[in-house]
Amino acid sequence: MEKLQLNAQVEKKLKKGILLLEKDDLPFAKTQNGLVRLVSKSNQLLATAYLSEQNKGIGWVISRDEIDLTQAFFETLFLKARACRLSYDEDPGTTAYRLFNQDGDGFGGLTIDRYGDFAVFSWYNVFVYDHKEMIIKAFQKVFPEIKGAYEKYRFKEATNQSAHLYGQEAPDTFEVLEHQVSYQVFLNDGLMTGIFLDQHAIRGRLADGFATGKSVLNLFSYTAAFSVAAAMGGASQTTSVDLAKRSIELSEAHFKANGLEMTNHHLMVMDVFDYYRYAKRHGLTYDIIIIDPPSFARNKKQTFSVAKDYHRLVKEALAILNPQGMLMLSTNASNLSIEQFQKQIAKGLEKQEHTILTVDRLPSDFKITKNDERSNYLKVVTIKVL
């Protein structure tokens, strides 16, 4: 196991509780996909980590002690993770949630999600993938009731995106519950599954009546899960806008799963900025506008970056928002702090008088590293415009 001596700055990061390692932290490391010992200038052990490049960082701290990776190590992690999620485990009205969340649960580079009787493993780098047999055995011991599992490959060396992993195969599509609302999911079709689990608290609020009697515009809607939750919570009408043509089929499946007629629920395949112009031309206005764009997007006309352009979405929304209307503003950009996000929102609002109703972060099943802002990537700010 390679021994790497840390400078004072990196040692300070570790002591602060930051587990993600970056290239500048270990410029002389030779290990590419393996365990390393991190030591201080005085040669004292600081941590055991592994190095393996992924979309962010080059590795993760996994223990303050010197360890080897064993099945027992992962069983202990999974037992702790399960104990933290007992409220989800015991809730018959929610059958889809996160079982294991990377560094928040003690092992960066791995997430595991539950969809009813099935699990979805996401491997974020080669090192974790190379240890998958050990990880699966440990998981099966802690979660014996899971009937089958799928895997998602989220590292650049992978040639596929998705595959069946073990046990029973799931139906091509099937329904899961979240706050008593049904959603249709698919587990073996690329990286997506039909629903973003990290937003379940926001959908729960909508399903619990936040949008009762109100008209809702859902932008960057993907499968219109926000719209379905709002409709189940009594929204008078919803409009869901997404650029992907497949969004129509996937969105209709969610509505159908809940027995909702489409009469007052509209699905539009359109660029969001084009829809703003369309709505203005047709005199369309809304009581609630939900804006949850990807961190970065590009189409034939333009590129969009949350860090630079989110304020444009807010400004344009004001023109089609009813008096006393509300904006639900969301981003999953880990490179954008909550303070930077709120600055983008303030820039879009300009001098418009408003009240911040709630600021939401990741739900409790998405455990985080408390001292690393990037770990708590989700930011949802709900505003009432006065």
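Among all stretches of the chain without exposed trypsin sites (Lys or Arg not before Pro) (DSSP loop, at most 16 other Cβ atoms within 10 Å), which one is longest? Walk me through the intermediate numbers first.
Values: sites that count: Lys30, Lys41, Lys56, Arg64, Lys147, Lys156, Lys245, Lys300, Lys301, Lys351, Arg361, Lys370.
My reading of the result: 157-244 is the longest stretch.
Relative to the dominant Cα principal axis of the chain, helix 306-318 is inclined by about 20°.
Taking R0 as 22 Å, what FRET efficiency do you get between Asp117 and Arg246 from their Cβ-Cβ distance, rounded to the nearest 0.05? Here the calculated transfer efficiency is 0.30. The string of couplings for the stretch 122-129 from the Karplus curve (6.51, -1.76, 1.60, θ = phi - 60°) is 10, 9, 9, 7, 5, 4, 5, 4 Hz, one whole number per residue in order, with x for Gly and Pro. Cα extents for the stretch 265-324 along the principal axes, largest to smallest and rounded to whole angstrom: 29, 23, 20.
On the basis of the beta-carbon distance and an R0 of 35 Å, Lys384 and Lys301 show a calculated FRET efficiency of 0.65. The angle between the Cα long axis of helix 132-142 and the main principal axis of the chain comes to about 70°, on a 0 to 90 degree scale.
Modelled label positions at Ala163 and Phe28, each set 7 Å beyond Cα in the direction of Cβ, lie 3.9 nm from each other. Multiplying the residue separation of Thr76 and Val359 by 0.36 nm and subtracting their alpha-carbon distance yields 98.6 nm.
With viscosity 0.692 mPa s and temperature 37 °C, the Kirkwood radius over alpha carbon pairs of the stretch 45-151 converts through Stokes-Einstein to a diffusion coefficient of 229 µm²/s. So, in Å, what gap is there between the alpha-carbon centers of the stretch 70-120 and the stretch 326-347? What the calculation gives is 28 Å, centre to centre.
Given Cα positions, please report Rg to Rh for the chain, the hydrodynamic radius being the Kirkwood one. Before the final figure, lay out each step's value.
Values: Rg = 22.1 Å, Rh = 22.3 Å.
My calculation of the ratio gives 0.99.
To the nearest 10 degrees, how steeply does helix 272-281 sit against the main Cα axis of the chain, on a 0 to 90 scale? For 272-281 against the chain, the angle is about 10 degrees. Averaging 1/r over each pair of different alpha-carbon atoms in the stretch 1-103 and inverting the result gives 15.3 Å, the Kirkwood hydrodynamic radius. In the stretch 283-359, the convex hull through the Cα atoms has an average projected area of 5.7 nm², a quarter of its surface area. The Cα atoms of the stretch 88-234 cover 52, 33, 31 Å along the three principal axes, with the biggest extent listed first.
Segment His266..Lys137, full-extension length gain: 41.9 nm, with 0.36 nm per residue of separation and the alpha-carbon distance subtracted.
Checking every one of the GluC sites (Glu not before Pro) in the stretch 295-386 against DSSP loop status and a limit of 11 other Cβ atoms within 10 Å picks out Glu350, Glu353.
Using 0.36 nm per residue of separation minus the Cα-Cα distance, give me the extension gain between Ile67 and Asp274 in nm, one decimal.
Values: separation 207, 0.36 × 207 = 74.52 nm, distance 5.50 nm.
Value of the extension gain: 69.0 nm.
Per-residue Karplus couplings for the stretch 236-246, computed as 6.51 cos²θ - 1.76 cosθ + 1.60 with θ equal to phi - 60°, are listed in order as 6, 7, 9, 10, 10, 10, 8, 7, 7, 4, 5 Hz, Gly and Pro entered as x. Here the relative contact order of the stretch 1-70, from alpha carbon pairs under 8 Å that lie six or more residues apart, stands at 33 percent.
Values quoted throughout were computed directly from the atomic coordinates according to the rules given, and no laboratory measurement underlies them. None of these values were measured; they are calculated from a predicted model. With ideal geometry, Cβ positions are generated from the backbone for all residues, glycine too; neighbour counts draw on all protein chains shown.
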